[in-house]
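The values are calculated or read from the model by the stated rules, or taken from the named source; none is laboratory data. Since we're looking at a predicted model, the values are computed, not measured. Positions of Cβ are generated from backbone atoms using ideal geometry, with glycine treated the same way; all protein chains shown enter the neighbour counts.
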Amino acid sequence: MTRFGIRPNESSDSKGAERLVEAYQTVAGEIGKVIVGQNDVIEQLMIAILARGHCLLEGVPGLAKTLIVRCLSAAMDLSFRRIQFTPDLMPADITGTDIIQEEPDTGRRRLVFEKGPVFAQMILADEINRAPPKTQAALLEAMQEHSATIGGRTYKLEEPFFVLATQNPIEQEGTYPLPEAQRDRFLFQVKVDYPNREQEREIINRTTGAFEVDLSPVVGAAEIIACQQTVLKVPVPPHVTDFVLDFVRRSRPGDANAFPFARELIEWGPGPRASQNLILAAKVRALLQRRYHATTDDVQALAHPILRHRIVPTFNAEAEGITVDMIVNRMLAAMPRPKARVL
């Protein structure tokens, strides 16, 4: 038996699984040289990357959201661009535009496409809700299709490609809430919370003294792509798929088998992309837990970051102070635990 609980002759991907865990631990260790705590945030970011998804980080200012992404980019040998979203940012500022260029030999002028920052492998969309919807929408094609269309021409983006966006949940002046269609493109919405007392003490010590550290790239593009392919080969038992289907479908108030409280608390439930992402993320978590099969525990552990931006609560729920996380907690408590079936 291997460390992943499978026989070597049953899978040729056990080495790939070990490589994925090693890559995760190496990157997390490198980021830990700078970032204090935030282990759940780092784990969810890595799961999103290994599942070939995008991530939306939400938290008040000063919680190192931007720094975490910068450290992540430094630990990976990928091209990186940071886009500061502002109310005057235009779509062409993200995707690029055609410019007139004069040929030095002939003096003739021609249009040349100047690539924008979206043509990088890792994009930090900082304060994404600061830009108007038209500019936010410039990322939609890139996030979904991994391509950009400018002037009738479509350009493929270099793989792997990720959008890691940040937003401030408390300051609403001059902000534009993300459209539901764009929010749905993010695999996770990660909540970045305050550090505990000892972590904050360490943050003070590191940032007010002579502490310095240089991060080195420890994982490259080819290794990330190989890990993503390993994730796709992780088996999912039928009872886990059934659990995901029942869990997501019962959160839709119009479904015949909806949770009894769904019509009261949920205006709109999650779409099929939620089911897809729950399965993909569960596969990654299973590998990180050194298991070569997904379980319902993996699904439950990642239900909040996957569903919190895909469920729209009713007016009454919001008036009573009921958050989406509370609704997800209630959904998890109401779900019967299926009997495991062997693949």
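Things worth noting here:
- Annotation: Pro253 fulfils all but one of (1) modelled with pLDDT under 90; (2) assigned to a loop (DSSP other than H, G, I, E, B); (3) in contact with a strand residue (DSSP E or B) (Cβ under 7 Å, 6 or more places away or on another chain); (4) not hydrophobic (A, V, I, L, M, F, W, C); the unmet one is (1).
Condition check ((1) out of contact with any His (no Cβ under 7 Å at 6 or more places or on another chain); (2) charged (D, E, K, R); (3) modelled with pLDDT under 80; (4) surrounded by 14 or more Cβ atoms within 10 Å (Cβ to Cβ)) across all residues:
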residue	(1), (2), (3), (4)
Pro132	yes, no, no, yes
Thr135	yes, no, no, yes
Glu141	yes, yes, no, yes
Glu145	yes, yes, no, no
Thr149	yes, no, no, no
Pro160	yes, no, no, yes
Ala165	yes, no, no, yes
Glu171	yes, yes, yes, no
Gly174	yes, no, yes, no
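- In the set (1) within 28 Å of Ile311 (Cα to Cα); (2) in a helix (DSSP H, G or I), Ala92 fails one condition alone, (1).
- Output for the range 126-152, where each listed residue is closer than 30 Å to Pro61 by Cα and more than 17 Å from the chain's Cα centre (by Cα): Arg130, Ala131, Pro132, Pro133, Lys134, Thr135, Ala137, Ala138
- Any hit, the range 219-231, residues being without any contact (Cβ under 8 Å) to a residue 60 or more places away in the chain, outside the structural domain of Met331 (by TED's automatic domain parsing) and either touching a strand residue (DSSP E or B) at 6+ places or on another chain (Cβ under 8 Å) or exposed (fewer than 13 other Cβ atoms within 10 Å of the Cβ) (or both): yes
- The range 275-292: number of residues that are surrounded by fewer than 23 Cβ atoms within 10 Å (Cβ to Cβ) and without any contact (Cβ under 8 Å) to a residue 60 or more places away in the chain: 4
- Matching option when the condition is farther than 17 Å from Gln189 by Cβ and not assigned by TED's automatic domain parsing to the domain that holds Ala282, among Asp126, Asp88, Asp40: Asp88
- Strands (runs of 3 or more DSSP E) wholly inside the range 153-237 containing at least 3 residues that are among the hydrophobic types (A, V, I, L, M, F, W, C) and under 20 Å from the mean Cα position of the chain (by Cα): 162-167, 186-191
- Pairing each residue of the range 306-317 that is in the same structural domain as Ile266 (by TED's automatic domain parsing) with any residue that is among the polar types (S, T, N, Q) and assigned to a helix (DSSP H, G or I), provided the two are 6+ apart or on different chains, yields C-beta distances under 8 Å for Ile306/Asn277.
- Test: residue in the range 17-35 that is among the β-branched types (Val, Ile, Thr) and within 13 Å of Ala165 (Cα to Cα): no
Residue by residue, here is whether (1) within 18 Å of the chain's Cα centre (by Cα); (2) in the same structural domain as Arg185 (by TED's automatic domain parsing); (3) over 20 Å from Ala142 (Cα atoms) holds:
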site: Leu56; (1), (2), (3): yes, yes, no
site: Leu67; (1), (2), (3): yes, yes, yes
site: Arg81; (1), (2), (3): yes, yes, no
site: Asp105; (1), (2), (3): no, yes, yes
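- Asp98 vs. criteria in a strand (DSSP E or B), acidic (Asp, Glu) and farther than 30 Å from Gly29 by Cα: yes
- Pro117 surrounded by fewer than 20 Cβ atoms within 10 Å (Cβ to Cβ), part of a loop (DSSP other than H, G, I, E, B), in contact with a strand residue (DSSP E or B) (Cβ under 6 Å, 6 or more places away or on another chain) and free of Cβ contacts under 8 Å to residues at least 60 places away in the same chain: yes
- Single residue of the range 50-80 satisfying the filter (small (Gly, Ala, Ser) and part of a helix (DSSP H, G or I)) that is modelled with the highest pLDDT: Ala75
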